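Shown next, in structure tokens, is the structure this report addresses.
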Amino acid sequence: MRLGGSVMPPYHSPKEWLALVKELQYSAVIFPVHWSAPRAVRQEYLSCIRDNDLAIGEVGIWKNLFAPDDAQRKAALEDSFRCLELAEEVGANCCVNICGTPAEIWDGFHPLNYARETYERIVEISRRIIDTVQPEKTSYTLEPMPWMCPRSPEEYLQLIRDVDRPAFRAHLDYCNMISSADRYADAEGFIEKCFALLSPYIRSIHAKDILIDDHILPLCIQEVPPGKGSMPLGMVLQLSHHLGEDATVFVEHLPDHESYLAAIDHMRKVGEAAGVPIK
């Protein structure tokens, strides 16, 4: 399997970017330039990636397809088309977004997130994005979130069936679905269920760590750097390894370059202890 994450320091060329990637010991990467970059620039980075045996795990959209503002919503849909086209162009494992919300915060809670008509709209939008681009090499995926679809591996599996497109697959972020005390208490069982149900469809994984704060009521589960929480990261890497030697696993949401260096070093040590070969 392969490990990767974000590249925080600024870079202005494939050479500068590659130096940071090598320092971080990444073997998996997020495609490093936006779809709006000139084709020649995109191809220059792609050649650098291929020449250095790196796997492109993700092209991120990260725009709100349910934005309350009409112009923002239409722009998000157009951006989704272009990002999926870029993922197809570069052969990324997947193009990923969250489903979106009518809340003011683009990734926030809203009561309508739980409505049946919202679920049906997610299915409709996902089909439209895929049918417009018609990808053959990549997949369109939705990262799970605590308060929007998909909130469980069962719901994700049903969503895959309902979208009913070969190019709609799964992006696994198990921590984002551990949103209750019972799931937290049986994290190993929950993560095993995620892989058992979704393994045929998983295209990329976020390997994160979390910690419950029992001083805050009624419930506070916080994301923390890998190794600072209670998640069975060795098991996560073992299950990811079963997906194939080029399965891509990413750390994320860290504040700076040094934090990513420490996180990847920790994950490689965890993999070694768990007997997992990491490229």
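The values are calculated or read from the model by the stated rules, or taken from the named source; none is laboratory data. Small disclaimer: the values here were computed from a predicted structure and weren't measured. Methodologically, a virtual Cβ is constructed for each residue, glycine included, from the backbone with ideal geometry; neighbour enumeration extends over all protein chains shown. Side chains are part of the model used for accessible areas, which takes the heavy atoms of the whole protein and leaves out ligands, DNA and RNA. Shrake-Rupley method; radii C 1.70, N 1.55, O 1.52, S 1.80 Å.
Observations on the model:
- Candidates 264, 125, 216, ranked by Gaussian network fluctuation over the chain, Cα under 10 Å, top entry: 216
- Heavy-atom accessible surface of the chain, averaged per residue, reaches 46 Å², computed with a 1.4 Å probe.
- Highest-fluctuation residue, 163, 249, 29 considered, GNM on the chain with Cα pairs under 10 Å: 163
- Taking every lysine pair in the chain that is 8 or more places apart or spans two chains, those with Cα atoms closer than 20 Å amount to 9.
- Spatially, the range 30-44 and the range 204-279 are offset by 28 Å when compared through their Cα centroids.
- Counting DSSP beta bridges with both ends in the chain, the antiparallel % (nearest 5): 20 percent
- The chain: most fluctuating residue of 252, 154, 117 per GNM, C-alpha cutoff 10 Å: 117
- For the chain, the Cβ-based charge dipole about the Cα centre amounts to some 520 debye (Lys, Arg positive; Asp, Glu negative; other atoms uncharged).
- Paramagnetic label reach from residue 201 (point 7 Å along Cα→Cβ; backbone nitrogen cut-off under 16 Å): within the range 157-184, residues 157-174, 177.
- Distance between modelled label sites at residue 71 and residue 121, nm, 7 Å Cα→Cβ extension: 2.0 nm
- Taking the Cα centre of the range 114-174 as reference, the dipole from Cβ charges on Lys and Arg (+1) and Asp and Glu (-1) amounts to some 100 debye.
- Fraction of alpha-carbon pairs over 24 Å apart in the range 24-114 - percent: 31 percent
- Rolling a 1.4 Å probe over the protein heavy atoms leaves residue 228 with an accessible area of roughly 140 Å².
- Ligands, DNA and RNA left out, the accessible area of the range 106-152 computed with a 1.4 Å probe is 48% carbon and sulfur.
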